[in-house]
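The values are calculated or read from the model by the stated rules, or taken from the named source; none is laboratory data. Remember, it's a predicted structure, so these values are computed and weren't measured experimentally. Positions of Cβ are generated from backbone atoms using ideal geometry, with glycine treated the same way; all protein chains shown enter the neighbour counts.
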Amino acid sequence: MLLVIDIGNTNIVMGIFQRENLKAHWRLGTRRDRTQNEYAVLVKSLFDLEGIELPEIEGAIISSVVPNLTPILYQSFRLLLPLAPIVVGPGTKTGIPILVDNPREVGTDRVVNAVAAYSKYGGPLVVVDFGTATTFDAISPKGEYLGGAIAPGVGISMEALFRETAQLPRVELRKPDRIIGKNTVESIQSGVFFGYVALVDGMARAFKRELGEESKVIATGGMAPIIANTSGEIEQVDPWLTLEGLRILFQKNRPKRG
């Protein structure tokens, strides 16, 4: 079995693959103050709950956009497993040309998503990832990563609205029954929800004008199902796209036996 780990700014998502099947997955809050021992105990507890034995893990791979957490998670898995996880970085074989000014600036999660999306859906593609930031990535018909766009994520926007105003409350994001809110809570929900739908659809249409109107629009990330139900441009929600990409990258970069 293969352990895959995606370290994001808000969540750490882990999965266990048995060949190509996602056998188990977990989403943890990203905590920068946890030690490697604490993460090791937490991961071992999750394995125990799923009945997964450590000797069954034959490989591991990490993608991270939180540099100070990467060595902590790396060492926590070394405490549990007699193997060194692959860490996705500049030397990783992806099979995806990164056609931007500075490829090292592109977040590894976006590269991993591109690998999985092109492998599963072909190109051209627009990949929308609803994470801490909302990212849009363009993949050519030849499987080239062409660049993208970054906008504040839904959670960041709602938290900023609460923190930077004197009278607006923190509210739960959901699709309101109408776009014209009749009270403050409904008005915030309408502005954020329908505003993000408009953002996503507008950006997707603009990407397609450059990439080609035949481009597929794929969404992933925690908020993807909520937004996709109202979006007119998102064609497919793939919640485990990043984990699938890590599995593919492990196969491309796995250490040779012997």
Are any of the residues in the stretch 221-235 within 23 Å of residue 103 (Cα to Cα) and at pLDDT below 95?
-> yes
Scanning the stretch 220-258 for residues that are of a type in the set (S, T, N, Q) and under 30 Å from residue 192 (Cα atoms), the one farthest from the chain's Cα centre (by Cα) turns out to be 230
The one condition residue 196 fails out of (1) within 19 Å of the chain's Cα centre (by Cα); (2) modelled with pLDDT under 90 is (2)
| Any chance the stretch 72-84 includes a residue that's in contact (Cβ under 8 Å) with a residue 40 or more places away in the chain, closer than 28 Å to residue 34 by Cβ, touching an Asp or Glu at 6+ places or on another chain (Cβ under 7 Å) and surrounded by 14 or more Cβ atoms within 10 Å (Cβ to Cβ)? | no
Being in contact with a Pro (Cβ under 9 Å, 6 or more places away or on another chain) and in a helix (DSSP H, G or I) narrows 204, 160, 198 down to just 160
Taking first residues from the stretch 114-138 that are at positive phi and surrounded by fewer than 24 Cβ atoms within 10 Å (Cβ to Cβ) and second residues anywhere that are modelled with pLDDT of 95 or more and not basic (Lys, Arg), the pairs with Cβ under 8 Å that are 6 or more apart or on different chains are 122/141
Among residues of the stretch 25-55 being in contact with a helix residue (DSSP H, G or I) (Cβ under 8 Å, 6 or more places away or on another chain) and among the hydroxyl-bearing types (Ser, Thr, Tyr), the residue nearest to residue 250 (Cα to Cα) is 39
Within the stretch 93-109, of all residues that are assigned to a helix (DSSP H, G or I) and within 17 Å of residue 247 (Cα to Cα), the one nearest to the chain's Cα centre (by Cα) is 109
So, first residue under 13 Å from residue 24 (Cα atoms) in the stretch 35-56, second residue buried (at least 16 other Cβ atoms within 10 Å of the Cβ) and among the small types (Gly, Ala, Ser), Cβ within less than 6 Å, six or more apart or across chains; the pairs are 50/24
Filtering the stretch 53-71 for residues that are surrounded by fewer than 18 Cβ atoms within 10 Å (Cβ to Cβ) and either among the hydrophobic types (A, V, I, L, M, F, W, C) or outside any helix (DSSP H, G or I) (or both) leaves a count of 6
- Does residue 180 count as in contact with a strand residue (DSSP E or B) (Cβ under 8 Å, 6 or more places away or on another chain) and part of a loop (DSSP other than H, G, I, E, B)? no
Reported set for the stretch 148-193 where residues are surrounded by 17 or more Cβ atoms within 10 Å (Cβ to Cβ) and either farther than 22 Å from residue 129 by Cβ or at pLDDT 95 or above (or both) is 148, 176, 188, 189, 190
Checklist entry - In this structure, does residue 142 turn out to be touching a Lys or Arg at 6+ places or on another chain (Cβ under 6 Å) and part of a loop (DSSP other than H, G, I, E, B)? => result no
- Task: Please indicate, with yes or no, whether at least one residue in the stretch 56-75 is farther than 22 Å from residue 252 by Cβ and among the small types (Gly, Ala, Ser).
- Result: no
Condition set hydroxyl-bearing (Ser, Thr, Tyr) and free of Cβ contacts under 8 Å to residues at least 60 places away in the same chain, scope the stretch 185-227, selection farthest from residue 119 (Cα to Cα): answer is 187
